[in-house]
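Reviewing the structure listed below.
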Amino acid sequence: MDVSEEMHYEGLIIRPPSEAFSILFQVTVGCSHNKCTFCGSYRDKRFRIKDDPTILNDILFASRYMRHQHRAFLLDGDALIVPQERLVWILEEIRRHLPWVRRVGAYANAKSIKMKRDEHLVGLREKGLGILYLGVESGDDETLRQVGKGTTAANLILQGRRVKEAGIKLSVTALLGIAGPAGSLHHAQATGDLLSAMDPDYVGVLTVMVLPNTPLGADHASGRFILPGKRELLTELREMIGHTRLSGGLFFANHASNYLPLKARLPKDRDQALALVDEAIRGEIALKPEWLRVL
């Protein structure tokens, strides 16, 4: 087939920070859920899976011009929702045409993981799927309901454990501030409990940033949602770390949205991380200025 002279992308492209140097294949457009109140990434996109010729064209383009990138990432918001046979085909074509790619990653949600049988997940890992990124946001069921996640803490734990049991690395994100001041501590503690039960390989903690094109933005403008202050957010971070028991995973709070950059391997670095947060709470460490905080 004739290969076009560019990759095919539609709209805003979102990928995890750790996939900054990966080959980005947009195999779906938008997000299959797209109901989270805080997320404005896919509001202008109607979800669909791209056609096979377009996907194959991008793989062939990458095979010509991207020979020094050893990781690939499948976009958009939930590529795992692609039916099993087509997803296997995509992974096989990547392996066939880009044999130097060592790992393929993708976003997932609880629904798309649940739709895959255990043997499906194992099969995807055998075809090169090495990591899934799952947004849990909170371990508190009421907070999950309020932000429109469409799942429960128990289901998130179950689906996350299934990913790990299939031999696929699991990276999850949680959101500081999403429960507001009133629910802050319970959200932090429940999220730590969820992370402990799930035991992911990586945890990335972000601070919620209110976007005007979202339902949360409308709630904030009307006063129905209040952002916690800096001290409350730091206390929330401390509680979350204190309640998280990982078997050796990395806990990151160094996203650009956070006031206090932090990286720890738990449980080894727990005490050091808590001491750092305590220093910040006491005002002994300068926090990131607002103009540097971005999504």
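The values are calculated or read from the model by the stated rules, or taken from the named source; none is laboratory data. Remember, it's a predicted structure, so these values are computed and weren't measured experimentally. Here Cβ is always computed from backbone atoms with ideal geometry, including for glycine, and neighbour counts include all displayed protein chains.
State whether one or more residues within region 183-192 are modelled with pLDDT under 95 and touching a strand residue (DSSP E or B) at 6+ places or on another chain (Cβ under 8 Å).
Quick first cut of region 183-192, residues modelled with pLDDT under 95 only: none.
No, there is no match, as no residue in region 183-192 is modelled with pLDDT under 95 and touching a strand residue (DSSP E or B) at 6+ places or on another chain (Cβ under 8 Å).
Quick one: how many residues across region 170-182 are assigned to a strand (DSSP E or B) and more than 15 Å from Ala108 (Cβ to Cβ)? Working first, answer last.
Taking region 170-182 as the starting set, the residues that turn out to be assigned to a strand (DSSP E or B) are 170-176.
Among the residues that remain, those that are also more than 15 Å from Ala108 (Cβ to Cβ) are: 174-176.
Residues that pass the stated criteria total 3.
Let's see how each residue does on (1) under 27 Å from Phe38 (Cα atoms); (2) modelled with pLDDT under 90:
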| residue | (1), (2) |
| --- | --- |
| Arg238 | yes, no |
| Ile241 | yes, no |
| Leu250 | yes, no |
| Leu260 | yes, no |
| Lys268 | no, no |
| Asp271 | no, no |
| Ile281 | yes, no |
| Glu290 | yes, yes |
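Tell me, please, whether a residue that is in contact with a His (Cβ under 6 Å, 6 or more places away or on another chain) and over 23 Å from Thr152 (Cα atoms) can be found in region 32-46.
Looking only at region 32-46, we keep the residues that are in contact with a His (Cβ under 6 Å, 6 or more places away or on another chain), and these are none.
No, because not a single residue in region 32-46 is in contact with a His (Cβ under 6 Å, 6 or more places away or on another chain) and over 23 Å from Thr152 (Cα atoms).
Kindly indicate whether any position in region 266-284 is buried (at least 21 other Cβ atoms within 10 Å of the Cβ), in a loop (DSSP other than H, G, I, E, B) and either over 18 Å from the mean Cα position of the chain (by Cα) or of a type in the set (Gly, Ala, Ser) (or both).
no
Looking at Gly139, Gly150, Gly167, which is the one that is of a type outside the set (A, V, I, L, M), farther than 30 Å from Asp52 by Cβ and assigned to a loop (DSSP other than H, G, I, E, B)? It would help to see each step written out before you state the result.
On the way: Gly150 fails: farther than 30 Å from Asp52 by Cβ; Gly167 fails: farther than 30 Å from Asp52 by Cβ.
The match here is Gly139.
Out of curiosity, is Asp52 within 15 Å of the chain's Cα centre (by Cα) and charged (D, E, K, R)?
On the way: within 15 Å of the chain's Cα centre (by Cα): no; charged (D, E, K, R): yes.
The answer is no for Asp52.
When you check Thr173 against the structure, is it surrounded by fewer than 23 Cβ atoms within 10 Å (Cβ to Cβ), of a type in the set (Ser, Thr, Tyr) and in contact with a His (Cβ under 9 Å, 6 or more places away or on another chain), yes or no? Walk me through it before giving the result.
Working: surrounded by fewer than 23 Cβ atoms within 10 Å (Cβ to Cβ): yes; of a type in the set (Ser, Thr, Tyr): yes; in contact with a His (Cβ under 9 Å, 6 or more places away or on another chain): yes.
Here the answer is yes, as Thr173 does meet what is asked.
Which of the residues spanning region 74-126 are assigned to a helix (DSSP H, G or I) and charged (D, E, K, R)?
Of region 74-126, the ones assigned to a helix (DSSP H, G or I) are 79-81, 84-97, 110-115, 118-126.
Listed by number, the residues that qualify are Glu85, Arg86, Glu92, Glu93, Arg95, Arg96, Lys111, Lys114, Asp118, Glu119, Arg125, Glu126.
Only one residue in Leu195, Leu234, Leu185 is touching a residue at least 12 places away in the same chain (Cβ under 8 Å), of a type outside the set (Val, Ile, Thr), under 30 Å from Gly123 (Cβ atoms) and not in a loop (DSSP other than H, G, I, E, B), so which one is that? Break it down into steps so the answer makes sense when it comes.
Values: Leu234 fails: under 30 Å from Gly123 (Cβ atoms); Leu185 fails: under 30 Å from Gly123 (Cβ atoms).
Unique residue meeting the criteria: Leu195.
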